[in-house]
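**Q** Let me give you the structure first, and then I'll get to my questions.
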Amino acid sequence: MTETSFDLVDIIRTIQKKRKFIIIITVIAVALGGVFMVIKKKKYKAEATFLVNNPLYADRHNLFRSLETRYVDYFGGDDDLDKVTSLANSDTVKDRIIRNSQFQVVYNQDINTPKGHAALMSIFNKNFNLKRSEYKDIQVSYIAYDAQTAANVANMSVKVLEETYQYYYAAMKQDMCAAINGKVKLLDSSISVLTDSLVSMRDRYGIYSLISPARQNLINGDMKGGGKGYGRGLEEIQNVEAIKDQLVADRAHYISNLNEFSASADNSLTMLKLISRAVPPVSPSGPGPMIILLIAAFLGVFFSSVYVLLIAYFRKLNSVVR
């Protein structure tokens with residue numbers, strides 16, 4: 001059996017022999033690359049960059065600190081960036097961005113049908129990107145056929161993320177405010193009942209001195225009066241007065257907490273800081289014309305060379321006498 005060799009010398013000779021064919025294929029590939037470059041619709045990429053603020057600065061313990069001064073970093077940590085990233089990848093946030101950016105008009109789809117909504121979500125997922133850098137900032141980008149649309153969607157995504165992330169903390173504080181406010185209303189009702197009872201008992205026994213044991217810094221004056229039932233009246237008034245004073249103190253404490261939670265839940269406390277707003281790009285994204293033509297030329301040379309080498313190798317195999 002005769003062995004067939006096809007070494008480097010044979011490869012070089014084959015390429016030199018077929019160089020005209022390789023050049024023609026390369027020229028055709030470059031021409032096709034130029035045609036592709038002309039007919040391909042241009043896409044534009046807009047980017048916006050923002051920082052995540054530390055949500056602890058909006059906490060009431062830092063807004064109204066009175067006992068200790070503890071340092072809290074202004075910038076959010078990795079956990080906060082993870083929360084923002086999770087929100088950005090949620091269908092709820094994506095749906096709001098799509099609706100606020102008028103995707104049904106831009107891409108001519110019916111957003112109210114399951115098929116149309118799924119198509120718009122697929123378009124958004126394909127062209128939207130979010131990435132974090134080592135400097136703890138987040139960059140969102142969007143690619144569209146229209147430069148203004150790309151910028152609008154990128155900026156809208158930051159706005160929706162800000163509103164959603166802020167609402168996550170504000171909603172909890174607002175729920176606390178509602179719970180405390182409900183408790184204050186119950187205390188108001190109880191205090192009103194106890195006040196009516198105290199007024200009735202003081203008028204009945206003729207005791208108008210402040211005799212609450214809960215007011216420890218109060219020096220009681222002379223107790224005037226006497227007779228049957230006077231002692232019982234003192235004890236009853238003391239008991240009711242002590243309960244009422246405690247409820248009044250609790251009500252004041254609840255109102256103080258309510259004011260603090262209300263201040264920390266204010267919408268003026270921003271959670272994201274936009275440091276680079278997206279603007280309509282002036283040049284399309286992706287490789288430029290020279291890069292496309294060079295890639296087309298490389299592919300033409302590569303595949304045409306492989307083709308002529310394979311043809312030459314199989315011809316050599318067929319010429320061997322077996």
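Read-outs throughout are calculated quantities, based only on the coordinates presented, and are distinct from any laboratory measurement. Source: prediction; values computed, not measured. Positions of Cβ are backbone-derived with ideal geometry, glycine not excepted, and every protein chain shown enters the neighbour counts.
**Q** How large is ³J(HN,Hα) for each residue in segment 116-132, as worked out from phi by the Karplus curve 6.51 cos²θ - 1.76 cosθ + 1.60 (θ = phi - 60°), to whole Hz, x for Gly and Pro?
**A** Result, rounded to whole Hz: x, 5, 5, 5, 5, 5, 5, 4, 5, 4, 6, 9, 8, 9, 10, 9, 10.
**Q** Quote the Stokes-Einstein diffusion coefficient, in whole µm² s⁻¹, for the chain, based on the Kirkwood radius over alpha carbon pairs, a temperature of 20 °C and a viscosity of 1.002 mPa s.
**A** Rounded to a whole number, D works out at 76 µm²/s.
**Q** Counting alpha carbon pairs within less than 8 Å and at least 6 residues apart, what relative contact order, in whole percent, applies to the chain? Before the final figure, lay out the partial values.
**A** Values: 359 pairs, mean separation 116.3, N = 322.
Relative contact order of the chain: 36 percent.
**Q** Students often forget the sequence filter, so: which lysines lie under 21 Å Cα-Cα from LYS17 once same-chain residues fewer than 8 apart are removed?
**A** LYS316
**Q** Placing +1 at every Lys and Arg Cβ and -1 at every Asp and Glu Cβ, with all other atoms neutral, what dipole size does the chain have around its Cα centre, in debye to the nearest 20?
**A** Details: 39 positive and 31 negative charges, 433 e Å.
Result for the chain is approximately 2080 debye, rounded to the nearest 20.
**Q** What residue among LEU272, PRO55, VAL301 has its Cα farthest toward the positive end of the dipole of the chain, where the charges are +1 on Lys, Arg and -1 on Asp, Glu, each on the Cβ?
**A** Toward the positive end, the furthest listed residue is VAL301.
**Q** Also, I was wondering about something else. Students often get this wrong, so check it: of LYS115/LYS136; LYS94/LYS173; LYS45/LYS115, which have C-alpha atoms separated by over 30 Å?
**A** Distance filter (> 30 Å) returns LYS115/LYS136.
**Q** Report the residue, chosen from ALA296, ALA46, ALA150, that carries the largest GNM mean-square fluctuation when the chain is represented by alpha-carbon nodes joined by springs under 10 Å.
**A** With Cα springs under 10 Å in the chain, the top fluctuation among ALA296, ALA46, ALA150 is at ALA296.
**Q** Which net charge results when you count Lys and Arg as +1 and Asp and Glu as -1 among the other residues whose beta-carbon is under 10 Å from that of ALA150? Let's see the in-between values first.
**A** Numbers: positive: LYS43, LYS45; negative: GLU47, ASP146.
Charge balance near ALA150 sits at 0.
**Q** Aspartates and glutamates near LYS244 by alpha-carbon distance under 16 Å, same-chain residues fewer than 8 away left out - which ones?
**A** Output for LYS244: ASP188, ASP196, GLU235, GLU236.
**Q** OK, next. Helix 19-39 against the longest principal axis of the chain: what's the angle in degrees, Cα atoms only, rounded to the nearest 10?
**A** 30
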